[in-house]
Structures are given as C-alpha cells and as structure tokens.
There are 2 protein chains.
Amino acid sequence: MSKKQLIMEKALELFADQGFEATSVQQITDHCGISKGAFYLSFKSKDELILALIDYFTTQFTSNIDYLVKSTTIDSELLYKFYYTVFESFNKHSDFAKVLIKEQMRSFNKEFIVKMRSYDKMMEDTILSMVERLYDEEVGQTKHDLVFCIKGFMKMYSELFIFYNTPLDLELLAHSLTEKTNLLAKYVTIPFVSNELVQQFKQQSCNEVTNEQILGVIEQTLDDIEDSIEKESLLLLKQELLEPTLSRPLVKGLLENIQPHPHCKWAAYLLRGYFGF
Amino acid sequence: MSKKQLIMEKALELFADQGFEATSVQQITDHCGISKGAFYLSFKSKDELILALIDYFTTQFTSNIDYLVKSTTIDSELLYKFYYTVFESFNKHSDFAKVLIKEQMRSFNKEFIVKMRSYDKMMEDTILSMVERLYDEEVGQTKHDLVFCIKGFMKMYSELFIFYNTPLDLELLAHSLTEKTNLLAKYVTIPFVSNELVQQFKQQSCNEVTNEQILGVIEQTLDDIEDSIEKESLLLLKQELLEPTLSRPLVKGLLENIQPHPHCKWAAYLLRGYFGF
DNA sequence: TTGACAAATGACCCGTTAGTCATTAGTATA
DNA sequence: TATACTAATGACTAACGGGTCATTTGTCAA
C-alpha cells in the first residue's frame with residue numbers, strides 16, 4: 001500500500017470519529033506511525049487530503065450508480081437495484097459516509113463547497129434520468145418532486161447505517177423504498193418543485209465559477225491522467241476555453257468523451273456548466 | 001435587549017455564515033460592539049453560547065409543533081398545518097436552521113450531541129403521535145416507516161429554504177407533502193422500520209447517560225425556573241432519583257407536570273429515559 | 001567502503017484563539 | 001466631593017496546530 005493510501009485510510013477513521021477540523025495532522029501521522037514531515041511529502045496540505053478523500057469516494061459512488069442505471073436494461077428491476085446499491089455503498093463505506101454527513105455543509109473551503117454541490121448535482125441528474133425513463137408519461141409535472149422524495153428517502157434511511165451498527169436487511173429496505181417510490185410516481189398530482197424553480201436554482205448556483213478556476217482544474221486533471229482519447233479531448237476543450245473555434249456539436253462530443261473517465265468528472269461538470277450543456 | 005440576547009443574535013448571524021468553529025469570540029464581540037471580557041460576563045465559554053442558542057430555538061420549535069399537533073382538533077387539517085408550520089419556522093429562523101444543519105453532526109462536545117439527539121427524538125415522538133392518530137388502522141406495521149418518510153420530506157425540502165433565498169409558496173408545499181403522506185399511509189404495504197428495530201435503536205442510544213449527569217441537569221434546571229408546580233415536581237423527581245419511594249403512576253404524573261415547561265424539556269427527556277417511560 | 005541520492009524525521013516557526021485579570025470608566029450613595 | 005461598587009475593557013497568556021527545513025537515516029550502485 002502506498003503512503004498516500006495509508007494516510008487516506010487512517011485519516012478517514014479519525015475524521016469519521018472526530019471530524020475534520022478536530023483532527024490534527026499530528027494525530028493522523030501518529031495513527032499512521034509516520035512523521036509529520038512524511039505527511040507533507042504525500043499531500044501539500046490538510047485540505048488537499050480531505051479533497052482527495054472526497055474525490056476518491058464520491059467519484060466511485062456516483063460512477064457506480066451512474067453505471068448501474070445505464071447498464072440495467074430491465075426497467076422493472078432498476079429502482080430496486082438503485083436503492084440496493086446506494087445503501088450497500090453507504091454500508092460498505094460507512095466511515096466515509098460519516099465524514100460526508102459531518103462535513104457536508106462546512107464552509108472552511110470554497111473549493112470544497114463547490115465540489116460537494118457538483119457531486120450532489122450529478123447524483124440528482126442520475127436520479128432524474130432514472131425517473132424520466134421509468135415514469136415518463138405518468139409523472140408529468142411532478143418528476144422533480146419525485147427526485148426530491150428519492151433523495152429524502154436516501155438521506156433519512158442512510159442515517160441508520162451511520163449511527164447504528166446493527167446489520168440491516170438491505171433487500172427488504174430496497175423493496176420497501178421501491179414500493180414507496182412507485183406509489184408516489186403513480187398517484188401524486190400536486191407538483192411543488194416546478195421546472196421554473198429548478199431553472200432558478202441552477203442559475204443561482206452556477207454564476208460564480210471563473211474562467212481561471214476552470215483552467216486550474218483542467219491543468220490539474222491533465223497532470224493526473226495518462227495519454228488517451230480523454231486527455232486529447234480535454235486538451236482540445238482547454239483550447240476551446242481560451243479561444244472558441246469549434247461548433248457546439250463538436251464541443252458536446254468532446255464533453256461526452258471525457259465524461260466517463262473518473263478523473264475527468266469534475267472538469268466535465270465545470271465545462272458543461274461553462275458551455276451551457 | 002439584554003447583553004445576552006444581543007450576543008446570541010449577533011453570534012447566530014456569524015455562525016450561520018461561517019460556522020461555529022470558524023467564528024472567533026473576537027469576531028462576535030466586534031460584531032456586537034463590545035469587548036471580549038464582556039462576552040465572558042454573559043457566557044462562561046464559547047460552547048455555552050452555542051448550547052444556549054440550540055436550547056432557545058429547538059425548544060421553541062419543538063414546543064410549537066407539539067402544541068399545534070395537540071391543539072388541532074380537526075384531523076383533516078392536521079397534516080397540512082403540521083407541514084405548513086414546520087416550513088414556516090424554517091423560513092422565519094433560517095439563520096438558525098443553517099447553524100443546525102451545519103453543526104448537526106459536529107462531535108466537538110459530548111453534551112451537544114446528546115442534546116441534539118434528544119430534540120430529534122422529541123420531534124420524532126410528536127410525528128409518531130400524529131401518525132397514530134391520523135392513520136391508526138390503515139398503517140399497521142408501516143407507521144415507523146411513515147415517520148421516517150415525513151422526516152425525509154422535512155429534511156429534503158427544508159434545504160430549499162436554507163440554500164436559496166427565493167420566496168417559496170408555503171401553502172402549495174404543505175398541500176403537496178400532505179398528499180404524498182396520505183398516499184404513503186394508504187397504500188404502502190412493505191414495512192422496513194419494524195417495532196423491534198425501533199426498540200433496538202432506543203436501547204443503543206439510552207445506555208450511556210449516568211445518574212450524575214441527570215442530577216447535574218436537574219440542578220441546572222432548578223436554578224433556571226421560578227417557584228411553581230413544575231419546580232416542586234422536579235424536586236420530587238430528584239428525590240426519587242436518589243432513593244426510589246414513589247409508585248410508577250406517581251412518577252409518571254410528575255413527569256407529565258414538568259413536560260410542558262420549556263426549560264424542563266431536557267430534564268424531562270432524560271428522566272423519561274431513566275424511569276422507562 | 002564510499003559517495004550520491006532519496007526518504008523520513010521532528011524541532012521549530014508563526015499565526016491564531018479561548019480564556020484571564022489588572023485596570024479603568026461609569027454610576028449611585030453618603 | 002468622596003467612596004464604594006459594578007460594568008466593561010483589552011493587553012496578555014498559554015496552548016495548539018499547520019506547515020517548514022536542516023538534519024539524519026536508509027539504500028543502492030560503483
């Protein structure tokens with residue numbers, strides 16, 4: 001195991017227990033059996049560590065779910081599988097789930113907040129695509145409410161995994177939530193989260209990322225990934241960011257190229273926002 | 001306005017914006033236009049301040065809801081009024097709601113965590129009583145699931161008030177959630193949160209409070225309240241804690257006496273747990 | 001064995017902050 | 001005015017934690 005992995009693993013335990021700010025670098029290094037200096041050979045700062053943790057787990061989590069939704073061909077199984085996988089992940093990585101909940105609204109770092117929001121948005125997009133696929137005609141105006149309810153179920157029931165160590169019947173849970181979701185999809189008539197409201201939220205949250213910030217993220221990502229179609233696509237997108245020359249379909253295609261790559265999700269998200277997709 | 005109130009008000013603004021740990025006492029006193037020393041004349045520590053804030057708002061909030069549920073005589077209006085009042089409170093005290101969400105899982109202070117849990121429990125009890133009253137026959141085994149769903153709705157939709165400043169249509173929201181809740185009550189058949197599971201949770205969370213801790217809270221509460229039936233009842237309960245002499249019905253009656261008093265809610269909760277009610 | 005390079009160490013620096021306390025300002029009473 | 005008392009001040013302390021860097025330890029090829 002690399003030093004970096006060791007630190008991430010041990011730090012996660014401490015963060016889950018005490019929270020990020022209450023855990024000192026000294027504690028982490030003691031817990032790893034290394035020196036303080038060694039820590040700074042692996043991470044530039046304490047902030048970089050938690051960002052790495054968030055990145056590592058959330059990309060894994062969101063990609064998992066996204067893949068599941070896209071690869072499940074039988075509609076009738078989709079919702080059940082979705083819930084099952086969600087809670088299985090929470091169960092498996094309960095330390096990370098704890099950190100996520102504890103620090104979700106922390107305002108210590110601008111980059112952190114924007115990142116959390118974006119992962120939330122990605123999850124929401126995945127859920128929305130699922131809802132549209134399963135209930136397209138039935139739900140009509142209430143589809144965003146259904147997304148909200150699903151997120152509410154996830155929030156509420158995931159607390160069980162985090163605060164109690166009792167082993168829980170995942171299959172029953174997934175069945176139970178599937179039934180509830182189907183019922184809401186079938187019978188709900190009063191929409192609250194309308195399309196206009198969603199539009200409004202989007203505008204409010206997207207107007208603060210600057211060109212330079214996106215460039216910074218792209219540079220970072222380019223360093224992280226190997227030569228590949230994705231890397232070339234990202235390079236072209238960087239060009240496009242500096243001086244637009246390509247047509248919109250071409251840009252969209254490039255975005256599609258980088259989207260599946262785990263390391264590119266963050267850059268892809270920012271670029272989608274920037275180019276308006 | 002007393003110095004204490006001034007500090008609480010101004011501190012709340014800063015906490016909502018920056019979080020508790022990120023806000024220094026110096027900042028608070030600057031924002032109040034007083035000196036650092038003056039702060040420590042009103043509060044023994046920074047921790048005491050946030051505990052006071054939590055106490056002040058959550059007792060207000062939970063008593064409000066509790067009163068509403070008990071005083072609404074027309075069943076058909078109850079659920080709507082419940083949701084309306086909940087979100088109206090969130091809307092009105094959005095600064096506090098922000099703090100609550102930001103610090104909800106903070107582990108900086110043991111007392112803080114236990115307190116938060118207890119308020120959550122009180123809320124849950126109120127919701128459960130409402131569910132039992134409205135749907136007693138229909139829901140059967142699924143009543144705890146319904147409580148979970150209601151809490152999930154509250155969690156999810158309250159984020160709207162906290163992160164977006166858009167004015168929202170409270171009436172529509174309450175109607176929309178009422179419909180959803182009624183649907184779930186009527187049609188859901190698969191229970192997940194069973195009675196045994198609830199029992200298990202209760203055991204897990206109640207086995208850590210010591211006799212001395214409860215005594216400490218009682219002493220504190222006695223100092224805070226005026227001479228009254230409540231005070232006398234609490235004194236008797238303190239006696240009973242030291243050496244049991246009274247019958248269970250008498251103890252239960254004393255608990256009922258102190259329950260409605262805002263300052264006694266915390267002591268009442270601990271004593272209920274201790275005496276097994 | 002030596003020398004060169006990388007890996008790791010931990011004492012130290014520096015900024016920050018909760019909390020204290022000697023001192024001062026303000027006020028009411030004799 | 002003098003005295004006594006309370007309210008308020010802010011410089012100060014002690015502790016802590018993030019981050020640095022001169023120094024040591026380990027490794028491997030010549």
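The values are calculated or read from the model by the stated rules, or taken from the named source; none is laboratory data. Not measured: the values here are computed from a predicted model. As a convention, Cβ positions derive from the backbone with ideal geometry for all residues, glycine included, and neighbour counts pool all protein chains shown. We work out accessible area using only protein heavy atoms, side chains counted, and drop any ligands, DNA or RNA first. Shrake-Rupley method; radii C 1.70, N 1.55, O 1.52, S 1.80 Å.
Across the identical copies, the label point of B:E232 (7 Å from Cα in the Cβ direction) is separated from its matches by 8.9 nm, in order from shortest. Pairwise Cα distances in region B:48-206 exceed 24 Å in 37 percent of cases. When B:L241, B:L246 are compared by accessible area of protein heavy atoms, the largest-first order is B:L246, B:L241, using a 1.4 Å probe. Between B:F275, B:T23, B:F163, the Cα set farthest toward the positive side of the dipole of chain B (charges on each charged residue's Cβ, about the Cα centre) is that of B:T23. With one equal scatterer per alpha carbon and no solvent term, the Debye-computed log10 I(q)/I(0) for the protein assembly as shown at 0.08, 0.09, 0.10 1/Å reads -0.62, -0.78, -0.97.
One residue of chain A places its C-beta nearer than any other to the axis carrying A onto B; that residue and its whole-Å distance are A:G152, 2. Computed over chain B, the per-residue total of -39500 (n - 2.57) for DSSP H runs of n ≥ 4 gives a 222 nm mean residue ellipticity of -25500 deg cm²/dmol, rounded to 500.
Only helices reaching 18 angstrom along their own axis (Cα) with mean Kyte-Doolittle hydropathy no lower than 0.0 count here, and for the DSSP H runs of chain A these are A:46-71, A:143-163, A:170-187, A:229-242.
A 1.4 Å probe, protein heavy atoms only, puts the accessible area of A:K143 near 50 Å². Shape class for chain B: oblate, because the ratio a/c of the largest to smallest gyration tensor axis (alpha-carbon atoms, square roots of eigenvalues) is 1.5 or more and b/c is at least a/b.
Each part reduced to its alpha carbon centroid, region A:171-186 and region A:225-249 end up 42 Å apart. The shape of region A:211-275 can be summarised by an equivalent ellipsoid whose semi-axes, obtained from the alpha carbon gyration tensor, come to 16, 13, 11 Å from longest to shortest.
Listed by chain and number, the lysines placed with their C-alpha closer than 22 angstrom to that of A:K231 are A:K115, A:K252, A:K265; residues fewer than eight positions away on the same chain are left out.
Hey, any idea what % of chain B's accessible area is carbon plus sulfur with a 1.4 Å probe?
Of all accessible area on chain B, carbon and sulfur atoms account for 52 percent.
Just so you know, the Rg over Rh for region B:3-43 is 0.92, from Cα atoms, with Rh as the Kirkwood radius.
For chain A, the solvent-accessible area of protein heavy atoms averages 48 Å² per residue (probe radius 1.4 Å; ligands and nucleic acids excluded). Distances from B:K36 to itself in the other copies, using label points 7 Å out along the Cα-Cβ axis, amount to 2.3 nm in increasing order.
Under the convention that each Lys and Arg Cβ holds +1 and each Asp and Glu Cβ holds -1, the size of the dipole of region A:48-206 around its Cα centre is about 440 debye. What separates the B:Q203 label point from its copies, with the point 7 Å along Cα to Cβ, is 5.5 nm, written shortest first.
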